[in-house]
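Chemist: There's a structure below that I have some questions on.
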Amino acid sequence: MTFPHYDVKSVVEILNENDFSLSAEIIPPRNGTDFHEVFSILEKLKEAGFDFISVTHGAGGSLRGGTLPISYHAQTHFGLTAIAHLTCRNMTKEDLENVLIDHHYFGVRNILALRGDPPDGIGAEFHPVEGGFQYAYELIELIQRLNEGKYLPRKNFDEGDFRPGIKTQFCIGAACYPEDPKEVRLKY
C-alpha cells in the first residue's frame, strides 16, 4: 500500500531546488476555538504557490494543540510540505520519542526542534520536567538517534543504551541564538 503523504519533500530538498522559496508560519487556534479557518488559510497558501509551511507548537507556552494534525492535513489534503515545531517543554524523553513516532506514522518528516518557552513566559528561567531535556540540542540528538534506528530502551526490559529499530527519516531544523550563546556551546 502506498501512502501519498510519505512522498513529501524535505525542507532541505525544497531549499536546494529553488533559488527563492516562500514559506508561511501557521499558528494553531487556541484550544476550544474553531479550527476551520486554518483550512481556509492552507487553501489560500496552496493557491498562492507557497513552498512549505511551519506549524507552531504552544508558542509562548500557550495552550494550542493541533500541530501534528494541521501538518498532516497540509501535506495530504493541500499538497503543502509542513515542518512541525516540537518543543521539549513539559515532556520527558520518552514522551518526545512517542510524539516523534506519531509524526513518523503520519508522514510528517520535517521537524523544527525547539526547547520551548518557559511556562511562566518569555524571559523566565526554563526548567525541564524530570526526565526531560534542558536544551534543544538534546532533542536533536534524540531525533538523530531515531534516524539511525536507535530507540530508548524500555525500563526493566532492555539492556544497553539503545534498542534497535527501524530508521526514521526526519529532516531536522533548529533555531539558535548566535548573538547570545550563553547557555551552551553547540557541537553541531
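The values are calculated or read from the model by the stated rules, or taken from the named source; none is laboratory data. As the structure is a computational prediction, the values presented were derived from the model and not from experiment. Virtual Cβ from ideal backbone geometry, glycine too; neighbours counted across all protein chains shown.
Chemist: For region 88-109, give me each residue that is within 27 Å of Ser40 (Cβ to Cβ) and touching a residue at least 40 places away in the same chain (Cβ under 8 Å).
Modeler: Residues satisfying the conditions are His103, Phe106, Gly107, Val108, Arg109.
Chemist: Among the residues of region 112-133, which ones are out of contact with any helix residue (DSSP H, G or I) (no Cβ under 8 Å at 6 or more places or on another chain) and at pLDDT 90 or above?
Modeler: Leu112, Glu130
Chemist: Select from region 42-57 the residues that are surrounded by 16 or more Cβ atoms within 10 Å (Cβ to Cβ) and among the hydrophobic types (A, V, I, L, M, F, W, C) and write down the one among them that is nearest to the chain's Cα centre (by Cα).
Modeler: Here the residue is Val55.
Chemist: Continuing with the same structure: Applying the selection to region 66-107, what residues are in a loop (DSSP other than H, G, I, E, B) and under 13 Å from the mean Cα position of the chain (by Cα)? Give the derivation first.
Modeler: Looking only at region 66-107, we keep the residues that are in a loop (DSSP other than H, G, I, E, B), and these are 66, 79-80, 88-91, 106-107.
Within region 66-107, Gly66, Cys88, Arg89, Phe106, Gly107 qualify.
Chemist: How many residues are among the hydrophobic types (A, V, I, L, M, F, W, C) and in contact with a Phe, Trp or Tyr (Cβ under 7 Å, 6 or more places away or on another chain) when one looks only at region 5-57?
Modeler: Final tally of qualifying residues: 5.
Chemist: Take region 43-65 and flag every residue that is in a helix (DSSP H, G or I) and more than 29 Å from Met91 (Cα to Cα).
Modeler: Glu43, Lys44, Leu45, Lys46, Glu47
Chemist: Mind checking whether some residue in region 127-140 is small (Gly, Ala, Ser), in contact with a strand residue (DSSP E or B) (Cβ under 6 Å, 6 or more places away or on another chain) and surrounded by 15 or more Cβ atoms within 10 Å (Cβ to Cβ)? Steps first, please.
Modeler: Keep residues of region 127-140 that are small (Gly, Ala, Ser), which gives 131-132, 136.
Pick out the ones that are also in contact with a strand residue (DSSP E or B) (Cβ under 6 Å, 6 or more places away or on another chain) and you get 131-132, 136.
Add one more test, that the residue is surrounded by 15 or more Cβ atoms within 10 Å (Cβ to Cβ), and what stays is 132, 136.
The answer is yes, given that some residue of region 127-140 is small (Gly, Ala, Ser), in contact with a strand residue (DSSP E or B) (Cβ under 6 Å, 6 or more places away or on another chain) and surrounded by 15 or more Cβ atoms within 10 Å (Cβ to Cβ).
Chemist: Also, I was wondering about something else. State all residues of region 142-163 that are among the charged types (D, E, K, R), at pLDDT below 95 and under 24 Å from Val108 (Cβ atoms); if no residue qualifies, say none.
Modeler: Taking region 142-163 as the starting set, the residues that turn out to be among the charged types (D, E, K, R) are 145, 148, 150, 154-155, 158-159, 161, 163.
Checking which are at pLDDT below 95 leaves us with 154-155, 158-159, 161, 163.
Of everything in region 142-163, just one residue is among the charged types (D, E, K, R), at pLDDT below 95 and under 24 Å from Val108 (Cβ atoms), namely Arg163.
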